[in-house]
Amino acid sequence: MALITNAIKGTLDLLPKESAKTQYIESAVREIAENFGFYEMRTPVFEHTELFQRSVGETTDVVQKEMYTFSDKGGRSITLRPEGTAGAARAFLEHGLFNEPLPQKIFYLTSCYRYEKPQAGRLREFHQFGVESFGAATPAADAEIISLAHQVFGYLGVQNLTLEINSIGCPTCRKQFQEALKTYFEAHRETLCETCQSRLSRNPMRILDCKSPICSEVAAGAPKILDYLCDDCRAHFEAVQAYLRAMQIDYTVNPGIVRGLDYYTRTVFEFVSNEIGAQGTVCGGGRYDGLLEELGGKPMAACGFGMGIERLLLLMEAQNTPFPERKACDVYLASMGEKANLEAARLALDLRSEGLSAQFDTFGRGLKAQLKYADKIGALYTAVLGDAELESRKIQLKNMRDGTQSELALDEFTDNFQSIVIRDAMSAFDAPDIGSNALSEILSGGNA
Ligand code: ATP
Ligand code: MG
């Protein structure tokens, strides 16, 4: 049978076997974000095109080459979000969140769309975990978001990431720097790639971000922004570093980091790995004090980052980072006969309402085939229900790991089975100071 079509190039299907890993990362970042006081914001997958033109910037690769833009049936120009900050900033302004206590700290877990050349770590649909701290102008805010990303990597057990930081100054001090850059790159015009030649007059800083090896070589000798910072920007950058040192977060200053989006001011940073090929930036972010005003709001400082979930996953897999196992089937209820089938369905529902994972036959297998299936899906226990069990109101529970059997009263099955699951969970923790008396006390509800 020929499929009528395949998935679009640069997109990934996450099958149930693989989604557990992503879910684990997602629940970790949610929990950490909330510990830092960041709460989730969800915005639409598409926005008016001009939002990204204005915020990401007309001269960026994202806006010039990578956006999924189309006209809807009403003739509006619509774009699938290429990143998360613009939508979050729009929503922040539209809903007047600037009237709430500041800073407003939000996070998002969202899909992003960029028409890029698909390769390892570079997709057309990818996912970002991002945070934004709106209204926070102090160096402490920059350091806080950096420490959040740092804690995510630490929690997940990711190793060998380097944190590279830089300051790209404010519009005032950047002007002189850009003049100096222009003069320098003008002298190397012929060597630069075609794209960079056109960047030269419009936004020479973009050349520093070019991935072509020849341009990178030229860029290595370019003037350094750090030599052009004004006093305020320099003091801010030094204070960010003081916070990082106080939090014992290692970093290196890399004057080559300018970030791909136009809205950044002052602090920019990346967490980089050299273990996943050319696409080594797992997280990038910084300060964007001009963005909210650019979008029509009052001037207000802000900073944030975006972390690529697929790149993080690639890195964790490359490092063989352990992932927790997916929740197993606690019990498979095999049944035979019309009445027993109904009883199995009822019992499964009851177990599930107590938070246990229970399964029964919905495929129409015979008893033997059901037990084989239970084994295949790794059920921890099985129980067989037939006419005899309904008659005696007793049921045999088989532990599939050691083969032992025990008899449980059918009418108290859920309660009794729950105690068994709790007992198993406790014995899995090697806890020598919990004696058997204490254990039976817990199992019996505390009155033993
Ligand atoms: P790069 O330099 O790799 O192109 P970028 O500067 O375009 O990255 P940002 O816009 O800062 O990236 O996005 C933040 C993070 O999102 C990146 O650090 C990366 O982890 C991830 N990311 C960006 N583009 C892609 C993509 N096409 N596929 C997968 N992940 C991506
Ligand atoms: Mg990019």
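The values are calculated or read from the model by the stated rules, or taken from the named source; none is laboratory data. Nothing here was measured: the structure is a model prediction, and the numbers come from that model. Cβ placement follows ideal geometry from the backbone for every residue including glycine, while neighbour counts extend to all protein chains displayed. We work out accessible area using only protein heavy atoms, side chains counted, and drop any ligands, DNA or RNA first. Shrake-Rupley method; radii C 1.70, N 1.55, O 1.52, S 1.80 Å.
Every condition in (1) away from ligand 1 (no atom under 16 Å from the Cβ); (2) open to solvent by less than 20 Å² (accessible area, probe 1.4 Å); (3) in contact (Cβ under 8 Å) with a residue 40 or more places away in the chain is met by PRO204 except one, and the failing one is (3).
For the range 26-50, filtering for residues that are open to solvent by 20 Å² or more (accessible area, probe 1.4 Å), touching a residue at least 24 places away in the same chain (Cβ under 8 Å) and either in a helix (DSSP H, G or I) or of a type in the set (A, V, I, L, M) (or both) leaves 5. Residues considered: ARG202, ARG266, ARG234. Of these, the only one that is farther than 26 Å from GLN64 by Cβ and of a type in the set (D, E, K, R) is ARG234. For the range 384-405, the criterion of a residue being open to solvent by less than 50 Å² (accessible area, probe 1.4 Å) and within 18 Å of SER353 (Cβ to Cβ) is satisfied by no position. Within the range 59-106, the set of residues being within 21 Å of CYS303 (Cα to Cα), aromatic (Phe, Trp, Tyr) and either without any contact (Cβ under 8 Å) to a residue 60 or more places away in the chain or buried (at least 16 other Cβ atoms within 10 Å of the Cβ) (or both) comprises PHE92 only.
A quick yes/no check of all residues on (1) under 23 Å from the mean Cα position of the chain (by Cα); (2) open to solvent by 60 Å² or more (accessible area, probe 1.4 Å):
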residue	(1), (2)
HIS236	no, no
GLN241	no, no
GLN248	no, yes
TYR251	yes, no
ARG266	no, no
ALA278	yes, yes
VAL282	yes, no
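Does the range 365-376 contain any residue that is of a type in the set (Ser, Thr, Tyr), touching a Phe, Trp or Tyr at 6+ places or on another chain (Cβ under 6 Å) and modelled with pLDDT of 95 or more? No, because not a single residue in the range 365-376 is of a type in the set (Ser, Thr, Tyr), touching a Phe, Trp or Tyr at 6+ places or on another chain (Cβ under 6 Å) and modelled with pLDDT of 95 or more. The number of residues in the range 284-340 being within 16 Å of ligand 1 (Cβ to nearest atom), of a type in the set (A, V, I, L, M, F, W, C) and either within 30 Å of PHE360 (Cβ to Cβ) or not in a strand (DSSP E or B) (or both) comes to 8. The residues of the range 363-413 that are in a loop (DSSP other than H, G, I, E, B) and under 13 Å from GLU343 (Cα atoms), listed by number, are GLY386, ARG393.
Out of all the residues in the range 252-275, which are at pLDDT 95 or above and either closer than 12 Å to ARG287 by Cα or touching a Pro at 6+ places or on another chain (Cβ under 9 Å) (or both)? Those that are at pLDDT 95 or above and either closer than 12 Å to ARG287 by Cα or touching a Pro at 6+ places or on another chain (Cβ under 9 Å) (or both): ARG266, THR267, VAL268, PHE269. Of the strands (runs of 3 or more DSSP E) contained entirely in the range 67-151, those carrying at least 2 residues that are more than 16 Å from ligand 2 (Cβ to nearest atom) and of a type in the set (A, V, I, L, M, F, W, C) fall at 104-113, 125-134. Residues in the range 161-193 that are under 30 Å from GLU275 (Cα atoms) and at pLDDT below 90: none.
Pairing residues of the range 121-132 that are in contact (Cβ under 8 Å) with a residue 12 or more places away in the chain with residues that are open to solvent by less than 10 Å² (accessible area, probe 1.4 Å) and charged (D, E, K, R), at Cβ distances under 8 Å and at least 6 apart in sequence or on separate chains, gives GLN128/GLU83; GLY130/GLU83.
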